[in-house]
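> Just passing along the structure, written as structure tokens.
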There are 2 protein chains.
Amino acid sequence: MKPRGRRPGDEDTRARILNVAREQFAHSGYERASMRSIAGQAQVDPALITHYFGSKVGLLTEALRLPVDPAVVLESVGHSEPDHMGEALVRAMVGAWETPVVRQHFLGMLRTAASHEVAREVMQQTLHDSVQVAVARLVDDDADRRSALVMTQMAGLAFTRYFLQLPEVVALTPEELAASIGPTIQRYLVDPL
Amino acid sequence: MKPRGRRPGDEDTRARILNVAREQFAHSGYERASMRSIAGQAQVDPALITHYFGSKVGLLTEALRLPVDPAVVLESVGHSEPDHMGEALVRAMVGAWETPVVRQHFLGMLRTAASHEVAREVMQQTLHDSVQVAVARLVDDDADRRSALVMTQMAGLAFTRYFLQLPEVVALTPEELAASIGPTIQRYLVDPL
DNA sequence: CCCATAATTCAACGTCTGTAGAACATGCGG
DNA sequence: CCGCATGTTCTACAGACGTTGAATTATGGG
């Protein structure tokens, strides 16, 4: 089919492979996103993936690297009025999730974590690094317990809205979500336990 | 290896296969729980699975049938004092999830749903049939919206505690969960929106 | 006791999987 | 303009996958 050797020009094939991989991991999970299918969509030979990423797991770990810095996403929360921090946090996270890149990353973690222990640990760590760390900075006592509660609520929102796509949850606008769920987060952050 | 034909005695092989399938789907997801591996653990020839369940998808759909009636689990919630319904609901659902059978069913749905559209729809329907229906009976206005909110919180609790196993969430006792998350549910059920 | 039926295994199929090694082409520094 | 490093494809392997059809053995009803 294609001529064999090196291509003229220098468009970044490696990045293209990585994008396709992210797409397919997010859409089909680890096993169904086969090297051949990824290579096919990226119009590339499967062996090239091994060449760049070493193995399929190598490709996965690189695909699962955070596309945004959680500290940046949650920056605004620290500057908000103390009794609307919950609302601000929901607004910031939903805002991020609504962008294709972040949503895809979330779905990629979830779908691959379902069958791959390594991915599950990445997801655990990611949640810790974003929510736990952020909450710890906003709060002055019982940080672990408070962030645990916040994580249950926020993870559940993402899970039902973007993965399960429950119609009743999908139907809500970001503003409605901030208004309804914000107070829950607020309570988890500041109320006595 | 084994002799060929029908076995003497009448122990229910079909049920044994189904149990192993549930176990493996919950532990490894759809693709890694191969017919051969399920058959192996059930000490049976792979072809026997096809004979009983038609195909792998047939096995999956049978494995995903609800092991408990959600109406029974949530029965007590209806009889509780109106201002402690939230707490009662959390207590009832966590109580169920802590049993091996229900926990396994939850993980089975989740892990197979990650790569199998059919399973995702089953999970969606299951959540609807348990939470949505129950909430609709407890509440007198905005049932859809209220149950949407309840589902985000409860799904998130199950997800972080039993699937992700976030240490901070695992550390909490069922009683602590009821005390901390109960009020959230209560608010979703009765507060003005 | 015979025969239909159900339970079970065997052997094989075609396809897909991840990976490895060799071949080939291009670009770049000397 | 030569040579080396890099990019890219080809071919192949060894194994796993789901499914099928036939063979074998036990059970239960007449």
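> Once ligands and nucleic acids are excluded and a 1.4 Å probe is used, how much of A:Phe159 is accessible, expressed in Å² to the nearest 10?
We get 0 Å² for A:Phe159.
> Under a crude label model (7 Å from the Cα following the beta-carbon direction), how far is A:Ser34 from B:Ser76 in nanometres?
Label-label distance for A:Ser34 and B:Ser76, simple model: 4.9 nm.
> Let me ask you something else. Please express the Cα-Cα pair-distance distribution P(r) of the stretch A:110-162 as a list of whole percents, one per 5 Å bin, running from 0 to the bin with the greatest distance.
4, 19, 24, 24, 16, 8, 3, 0
> So what is the relative contact order of chain B, in percent, for Cα pairs below 8 Å that sit 6 or more residues apart?
Numbers: 188 pairs, mean separation 46.7, N = 193.
RCO, chain B: 24 percent.
> Same structure, new question: Which of rounded, prolate or oblate describes the stretch B:1-109 when judged by the alpha-carbon gyration tensor and an a/c cut-off of 1.5?
prolate
> Can you name the chain B residue with its Cβ nearest the rotation axis from B to A, and give the distance in Å as a whole number?
With distances in whole Å, chain B gives B:Gly156, 1.
> Residue farthest toward the positive end of the dipole of chain B, with Cβ of Lys/Arg at +1 and Asp/Glu at -1: which of B:Ala148, B:Ala136, B:Phe25?
So the residue furthest toward the plus end is B:Phe25.
> Do any residues of the stretch A:100-115 show a loss of at least 50 square angstrom of accessible area between the isolated chain and the full protein assembly, using a 1.4 Å probe, and if so which?
Buried-area filter returns A:Ala114.
> Over all directions, the average projected area of the alpha-carbon convex hull for the stretch A:54-193 comes to how many nm²?
Averaging across all directions leaves 8.6 nm² for the Cα convex hull.
> Shifting gears a bit: Would you mind classifying the stretch B:61-131 by shape? Square roots of the alpha carbon gyration tensor eigenvalues, ordered a ≥ b ≥ c; an a/c under 1.5 is rounded, otherwise it is prolate if a/b is larger than b/c and oblate if not.
Since a/c reaches 1.5 and a/b is larger than b/c, the shape of the stretch B:61-131 is classed as prolate.
> Can I ask one more? Within the stretch B:1-105, which GluC sites (Glu not before Pro) sit in a loop by DSSP and count at most 16 neighbouring Cβ atoms inside 10 Å?
Those that pass, being in a loop and sparsely packed, are B:Glu11, B:Glu98.
> Taking the Cα atoms of the protein assembly as shown, what is the range of coordinates along each of the three principal axes, in descending order and whole Å?
Over the protein assembly as shown, Cα extents along the principal axes are 71, 62, 33 Å.
> With a 1.4 Å probe and every protein chain left in place, work out the accessible area per residue of the stretch B:18-133 in Å², rounded to a whole number.
For the stretch B:18-133, the per-residue accessible area is 47 Å².
> Taking the 0 to 90 degree range and rounding to the nearest ten, how far is the long axis of helix B:143-158 tilted relative to the main principal axis of chain B, both from C-alpha atoms?
With rounding to tens, the tilt is 60 degrees.
> Roughly how big is the A-B contact, given as buried accessible area in Å² (both sides, 1.4 Å probe, nearest 100)?
Chains A and B together bury approximately 3800 Å².
> A follow-up question, please. Using Stokes-Einstein with the Kirkwood hydrodynamic radius over Cα pairs, what translational diffusion coefficient do you get for the stretch A:13-63 at 4 °C and a viscosity of 1.567 mPa s, in µm²/s rounded to a whole number?
Numbers: Rh = 10.3 Å.
D, rounded to a whole number, is 126 µm²/s.
> Evaluate E = 1/(1 + (r/R0)^6) for A:Arg16 and A:Thr61, where r is the Cβ-Cβ distance and R0 equals 22 Å; express this FRET efficiency to the nearest 0.05.
Numbers: r = 18 Å, r/R0 = 0.83.
In this case the efficiency is close to 0.75.
> Over the heavy atoms of B:Val122, what accessible area does a 1.4 Å probe trace out, to the nearest 10 Å²?
40
> How many partner chain Cβ atoms sit within 10 Å of a residue's Cβ in peptide A:22-33, on average, as a whole number? Numbers along the way, then the final one.
Working: counts 0, 0, 0, 0, 0, 1, 5, 9, 5, 7, 5, 1.
Mean shielding by partner chains, rounded to a whole number: 3.
> Still on this model: Label position 7 Å from Cα toward Cβ: report the copy-to-copy distances for A:Ser80 in nm, one decimal, ordered from shortest.
Spacings between copies for this position, smallest first, are 2.9 nm.
> Would you mind working out the magnitude of the charge dipole of the stretch B:70-190 relative to its Cα centre, with +1 at each Lys and Arg C-beta and -1 at each Asp and Glu C-beta, to the nearest 20 Debye?
Charge dipole, the stretch B:70-190, about its Cα centre: 360 debye, nearest 20.
> Quick one: check the C-alpha center-to-center distance for the stretch B:89-129 versus the stretch A:158-193, whole angstrom.
20
> Within the protein assembly as shown, what whole-number % of the accessible surface is contributed by carbon and sulfur, with the 1.4 Å probe and all protein chains included in the calculation? Before the final figure, lay out each step's value.
On the way: 9950 of 18730 Å².
Here carbon and sulfur together make up 53 percent of the probe-accessible area.
> Let me know the charge dipole size of the protein assembly as shown about its Cα centre in debye, to the nearest 20, where only the beta-carbon of Lys, Arg (+1) and Asp, Glu (-1) is charged.
Using Cβ point charges on Lys, Arg, Asp and Glu, the protein assembly as shown gives about 2580 debye.
> Taking Rh as the Kirkwood radius, which is the inverse of the mean 1/r over Cα pairs, what is the Rg/Rh value for the stretch A:125-193?
1.00
> Quick one: with label points 7 Å out along Cα→Cβ, list the inter-copy distances for B:Gly95 in nm, shortest first?
Those label-point separations list as 4.3 nm.
> Which distances, shortest first and in nm, link A:Asp142 to the matching position in the other copies, using label points set 7 Å out along Cα to C-beta?
The projected label point of A:Asp142 is separated from its counterparts by 2.6 nm.
> As a test of the formula, what do you get for the protein assembly as shown when each DSSP H run with n ≥ 4 contributes -39,500 (n - 2.57) and the sum is divided by the residue count, at 222 nm and rounded to the nearest 500 deg cm²/dmol?
On the way: 26 runs with 264 residues, N = 386.
Mean residue ellipticity, 222 nm, calculated: -20000 deg cm²/dmol.
> Which listed residue (B:Val68, B:Gly78, B:Met109) has the Cα farthest towards the positive end of the charge dipole for the stretch B:1-144, taking +1 on Lys and Arg C-beta and -1 on Asp and Glu C-beta about the Cα centre?
The listed residue farthest towards the positive side: B:Met109.
The values are calculated or read from the model by the stated rules, or taken from the named source; none is laboratory data. Note that this is a predicted model, so its numbers are computed, not measured. When we count neighbours, we look across all protein chains shown, and the Cβ atoms used for this are built from the backbone with ideal geometry, even at glycine. Keep in mind that these areas ignore ligands, DNA and RNA; they rest on the heavy atoms of the full protein, side chains included. Shrake-Rupley method; radii C 1.70, N 1.55, O 1.52, S 1.80 Å.
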